[in-house]
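Quick notes on the structure that follows.
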Amino acid sequence: MAKQTMKDILNRMLNHEELSREEMKNILIGITQSEFPTEQITALLTALQMRGVTVDELLGFRDGILETGVPAILNADRYIDVVGTGGDRKNTFNISTTSCFVIAGAGYKVAKHGNYAATSVSGASNVIQHHGIKFTDNIDRLNRSLNEAGIVYLHAQLFARAMKFVGPIRKALQFPTIFNLLGPLVNPSQPRCQLLGVANLDQMRLYHAVYQKLGIDYGIVNSIDGYDEISLTGNFKVTVGIGSQCGDSTDAPTFSYERIFAPQDLGFDIAKPEELVGGATEEEAAAIFDAVLENRALPAQKNIVLANAAFGIQVLEKGRKSIEECIAIARESIDSGSALRTFKKFVELNS
């Protein structure tokens, strides 16, 4: 895309026009080829943020990141990623990452995509690396981890090469941009199942439309009080969309719902916000992660992981199991020690 075309793009943005998926993909590729000056990229990101990003615009940047990045081709048909958008400023412990090991401990396949912390003390990559894991994009090592431990970790910086081209701009802008929305969508293994936590209902509507266009099985969760996961601190909303297109060729019936739950609906007590905090240091966050897997965490910490893992399991099961059954499966993963054994095997294979 020539610079003159970017000028035309910016003029269209000033006229409140929407960009196509293909145009956005080409812009992203152009950014990675240093076709545009910083000022033009800054103007585009600012205009998108002020107007609001459309589904096709978000998908276009996703397409560009995946095309210019490193793919992770995994030898499994059906596996899940559990991830949050971040940005809720709650500094919770690593709930999604812990949930992934509980799901894997229950016998399901997981491809966790993550990065270092942006708005909290410890992101997924922080807690994984703290345990001595060496990040890799070696496909043989990744598949061995998935096949033998049931879980693989994909450190975002090894795969999404486009991000380094916009890193300084994002840092200088100091406000969220379209790139903040892309993290959950650019898992390089492109899983056909995902559980996503979002910080508000506007994001829930956006990702709901995105997932429908991508044709994957999904659950989206949001705690009404602003957590980008099921916090059990109050009511939470869940949107699930499951079809027969994900992972196998059976003609499973479509399963979907949108519902507000109270913690008591699932047999859980209401959690206190201070029980979710990940601590002041990476070490404190890792200690909570360990405590949950070792079944010695605070009841609220364990329950929060059980709730998030259960909705992930329900997506993997195509809704064939009730959420109560899925909670029981997640609980057994922790209580039996299977989640901890899974994590130890993962550490053994990836250190």
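The values are calculated or read from the model by the stated rules, or taken from the named source; none is laboratory data. As the structure is a prediction and not an experimental result, all values here were calculated from the model. A quick note on method: Cβ atoms are made from the backbone with ideal geometry, for glycine too, and the neighbour counts reach across all protein chains shown. Heads up: the accessible areas ignore ligands, DNA and RNA and are worked out on the full protein's heavy atoms, side chains in. Shrake-Rupley method; radii C 1.70, N 1.55, O 1.52, S 1.80 Å.
A few notes on this one:
- Most fluctuating residue given options ASN94, ASN308, ASN75, as computed from a GNM of the chain linking Cα atoms under 10 Å: ASN75
- Segment 275-351-segment 188-231 distance, computed between alpha-carbon centres (Å): 19
- Values of log10 I(q)/I(0), in the order q = 0.12, 0.15, 0.16, 0.22 Å⁻¹, for segment 238-351 under a Debye, Cα-only, solvent-free model: -0.54, -0.80, -0.88, -1.23
- As a length-normalised measure over Cα pairs under 8 Å and 6 or more apart, the relative contact order of the chain settles at 21 percent.
- Based on protein heavy atoms only, the chain ends up with 41 Å² per residue of surface accessible to a 1.4 Å probe.
- Cα extents of segment 136-234 along the three principal axes, largest first (Å): 41, 34, 29
- Each peptide in 220-230, 340-350 receives the mean, over its residues, of other Cβ atoms within 10 Å, and ordering these scores from highest gives 220-230, 340-350.
- The apolar share of the surface of segment 190-303, taken as the fraction of accessible area on carbon and sulfur atoms (1.4 Å probe, ligands and nucleic acids excluded), comes to 49 percent.
- Springs between Cα atoms under 10 Å define the GNM used for the chain, and in it the highest mean-square fluctuation of ILE151, ILE169, ILE95 occurs at ILE169.
- Highest-MSF residue in the chain out of PRO273, PRO176, PRO37 [GNM, Cα springs under 10 Å]: PRO37
- Cα centre as origin, Lys/Arg/Asp/Glu Cβ charges: segment 3-90 dipole, Debye: 260
- Cα lying deepest toward the dipole's positive end in segment 23-125, options ILE65, SER120, ALA106, charges on Cβ: ALA106
- Kirkwood-Stokes translational diffusion coefficient of the chain, alpha-carbon pairs, 20 °C, 1.002 mPa s, µm²/s: 104
- Residue-averaged 222 nm ellipticity for the chain, from DSSP H runs of 4+ at -39500 (n - 2.57), nearest 500: -14500 deg cm²/dmol
- Per-residue surface analysis assigns ARG259 an accessible area of about 110 Å², computed on protein heavy atoms at 1.4 Å probe radius.
- For segment 28-144, relative contact order (Cα pairs under 8 Å, six or more residues apart, normalised by length) works out to 22 percent.
- Close amide H partners of GLY234, meaning residues 5 or more places away or on another chain with modelled amide H under 5 Å apart, are ALA271.
- Only aspartates and glutamates eight or more places from LYS213 in sequence, or on another chain, were considered; those with a Cα closer than 15 Å are GLU22, ASP56, GLU57, ASP63.
- Ordered from highest to lowest accessible area with the whole protein assembly present and a 1.4 Å probe, GLU294, GLU282 read as GLU294, GLU282.
- Relative packing of peptides 64-74, 104-114 - highest average C-beta neighbours within 10 Å first: 104-114, 64-74
- Charge dipole (segment 221-351, unit charges on Cβ, about Cα centre) - positive-most of ALA280, ILE304, VAL315: VAL315
- Pairwise FRET efficiency - TYR116 versus ASP269, Cβ, R0 = 35 Å, nearest 0.05: 0.60
- Förster-model FRET efficiency, 25 Å R0, ARG161 and THR136, C-beta, rounded to 0.05: 0.95
- At most 15 other Cβ within 10 Å, DSSP loop - trypsin sites (Lys or Arg not before Pro), segment 1-64: none
- 5 angstrom amide H check on TYR79, placed H, neighbours 5+ away: ARG192, CYS193
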